[in-house]
Amino acid sequence: MKKSLLLSAILTLVVLLPAVVFAQNFDEQIITGKAIIENKPKAFYYGIDPYQPVGILLGSNRFILDDNLLTQVEKAVGQSTFMADPYLLRIPVQVPNVYDLDHETLSLETAPYQERGVSEWEVQMLDARGMTFRTLLGKGTLPAAITWDGRGDEPSMVMAVGDVYSYIIILTMRDGSRMRKIGRPIDLNGLVYDNVVALKESEVATYDVTIPERIARYYQYVLNRFKEKGYSRIKIVASDSYIAEAAKRYLDDRLYHTEITVQENPEYARMEFIFD
């Protein structure tokens, strides 16, 4: 009888001991697995196009995710919110010398042209043909810097990217004499205003099937602007339809159910994306 009890006790230990060890290992695997699951969403939040439909986003071959995750995400935020909110999955895009004239102004350095005894000053913005595009006036000493909103004397006139602008400073002295000074040229890579993104064509021109990263940053800027404003159509105008078609292919791959048309205008030195 004692032998039977002893044998039973030994068998119980033999069975339970691996179970305890397995449970410990299993607990560790769960903790590790949970950490991986929590970190995975960060990968697709910052690694891809922010405006892909959620199904394509989560179904990408680059991510091994729970099949139920798509349902959970849609329940949490809704597919339309996931795609429309500009602050969800947004990739910040930095592009050089692109001004948003709806929110920014151009700063003209005028300190080198200051003189004593000035009663009035005038700054004439000249377009590429040398014609007066905008006139800025002031009294007293010429400021060290003058801001310009990029628009002409007529409210509908906006400076054209690809054209080089310049400015002339005219100082009227207290004794009635006048001094004339020539300012520096203004040449921008891009301009944003109202429903238009205009980019210097030399900055984005490519005949390659694969868009270089430098140019892709400009197109991503256009894409983000388009989505933020909630437009539904895009017209691309450029001097060369092949260059415009390269931009269209890039946007087509990232926009769905969006009408994108191309127009060639040989007189353009820029590529314009006009939203509607």
Of the residues Leu142, Leu199, which is crowded, with 17+ Cβ neighbours inside 10 Å and part of a loop (DSSP other than H, G, I, E, B)? Leu142
Out of Met159, Met173, sole residue that is at pLDDT 95 or above and over 20 Å from Arg254 (Cβ atoms): Met173
From Tyr219, Tyr268, Tyr231, which residue is within 15 Å of the chain's Cα centre (by Cα) and not acidic (Asp, Glu)? Tyr219
Tell me, which residue of the range 227-272 that is more than 20 Å from Tyr207 (Cβ to Cβ) and among the acidic types (Asp, Glu) is surrounded by the fewest Cβ atoms within 10 Å (Cβ to Cβ)? Glu267
In the range 232-276, which residues are in a helix (DSSP H, G or I) and not small (Gly, Ala, Ser)? Tyr242, Ile243, Glu245, Lys248, Arg249, Tyr250, Leu251, Asp252
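The values are calculated or read from the model by the stated rules, or taken from the named source; none is laboratory data. Please read all numbers here as calculations on a predicted model, not as lab measurements. Note: ideal-geometry Cβ built from the backbone for every residue, glycine included; neighbour counts use all protein chains shown.
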